[in-house]
1. Restricting to region 25-69, and then to whatever is among the charged types (D, E, K, R) and part of a helix (DSSP H, G or I), can you tell me which residue is surrounded by the most Cβ atoms within 10 Å (Cβ to Cβ)?
2. Among the residues of region 70-109, what is the count of those that are in contact (Cβ under 8 Å) with a residue 60 or more places away in the chain and surrounded by fewer than 17 Cβ atoms within 10 Å (Cβ to Cβ)?
3. Would you check which residues across region 105-128 are farther than 19 Å from H59 by Cβ and in contact with a strand residue (DSSP E or B) (Cβ under 7 Å, 6 or more places away or on another chain) and list them?
4. Report the residue count in region 71-105 for those that are part of a loop (DSSP other than H, G, I, E, B) and among the polar types (S, T, N, Q).
5. For I167, indicate whether it is over 25 Å from D37 (Cα atoms), of a type outside the set (G, A, S) and in contact with an Asp or Glu (Cβ under 6 Å, 6 or more places away or on another chain).
6. Would you be able to tell me the number of residues in region 129-181 that are out of contact with any strand residue (DSSP E or B) (no Cβ under 6 Å at 6 or more places or on another chain), assigned to a loop (DSSP other than H, G, I, E, B) and either without any contact (Cβ under 8 Å) to a residue 60 or more places away in the chain or more than 16 Å from R11 (Cα to Cα) (or both)?
7. Could you list all residues from region 92-104 that are touching a strand residue (DSSP E or B) at 6+ places or on another chain (Cβ under 7 Å), at pLDDT 95 or above and not β-branched (V, I, T)?
8. So, in region 1-24, of the ones that are assigned to a helix (DSSP H, G or I) and among the aliphatic types (A, V, I, L, M), which residue ends up surrounded by the most Cβ atoms within 10 Å (Cβ to Cβ)?
Amino acid sequence: MLKKELRKLFREKRNALAAAEKVKFDNLLLIQFQTVDLPMLNTVFSYWPIEENKEPNTHLFTDFLEFRSPGLRLVYPRIDSATDTMQAILVDDDTRFTRNHFNVYEPEKGEVITATDIDLVIVPLLAFDKQGYRVGYGKGYYDKFLADCREDCIKAGFSYFEPVGAIDDCHDFDVPLDLCITPQAVYVF
């Protein structure tokens, strides 16, 4: 299927989830994530889930990572409109977040961390395929950012749904995931 078709289909599938079902799936995602043998992590890039989009609760995953690695640095995305790029901003318990024009919560201020300093990126997605390619929201910010990360940076996705066979319109600039977690399995690419 094409990205446009997958975007529509998986938005509909997410919107059809009842609140209790979503909570159950979030907990199953966390259980699956806890089985992954991760290296020592110093800096993790995450994102604030958009409630209206019924995105997986990334706070569960970052809380687990912080418990596992005390002193872990968390960074969140902020769009730089002047350069049409995404920056990684270091956050702490006092960081204030505001919604940008894409309805994404981003840190109001904070230290910019370079992509090469990040050990793991939690990448938003609507769908993914058996090769590790994903369908995001279509702006390309993550693919541009991931291209600047170190080769050993882990790119992880979380999906309530199993992978599709293939995304038919992947491009050379699309950066595949290293792993994707569903409530039923951990896919390693």
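The values are calculated or read from the model by the stated rules, or taken from the named source; none is laboratory data. Keep in mind the model is a prediction, meaning the values are calculated, not measured. Backbone-built Cβ (ideal geometry, glycine too); neighbour counts: all protein chains shown.
1. Initially, region 25-69 is screened for residues among the charged types (D, E, K, R), giving 26, 37, 51-52, 54-55, 63, 66, 68.
Right, trim to part of a helix (DSSP H, G or I) and you get 26, 51-52, 63, 66, 68.
Working: D26: 21, E51: 10, E52: 8, D63: 12, E66: 15, R68: 12.
Ranking the candidates gives D26 first.
2. The first filter runs over region 70-109 and keeps only residues in contact (Cβ under 8 Å) with a residue 60 or more places away in the chain, leaving 77, 79, 85.
With the extra rule that they be surrounded by fewer than 17 Cβ atoms within 10 Å (Cβ to Cβ), the set shrinks to 85.
Matching residues across region 70-109 total 1.
3. E111, V112, I113, A115, D117, L126, A127, F128
4. Restricting attention to region 71-105, the residues satisfying the condition of being part of a loop (DSSP other than H, G, I, E, B) are 71-72, 81-84, 92-96, 100-104.
Subset that is among the polar types (S, T, N, Q): 81, 83, 95, 100, 103.
Residues that pass the stated criteria total 5.
5. Details: over 25 Å from D37 (Cα atoms): yes; of a type outside the set (G, A, S): yes; in contact with an Asp or Glu (Cβ under 6 Å, 6 or more places away or on another chain): yes.
Against the criterion (over 25 Å from D37 (Cα atoms), of a type outside the set (G, A, S) and in contact with an Asp or Glu (Cβ under 6 Å, 6 or more places away or on another chain)), I167 qualifies.
6. 24
7. Selection gives F97 alone.
8. As a first pass, look at region 1-24 and keep what is assigned to a helix (DSSP H, G or I): 3-15, 19-24.
Going one step further and asking which of them are among the aliphatic types (A, V, I, L, M), we end up with 6, 9, 19-20, 23.
Working: L6: 21, L9: 16, A19: 8, A20: 8, V23: 12.
It comes out as L6.
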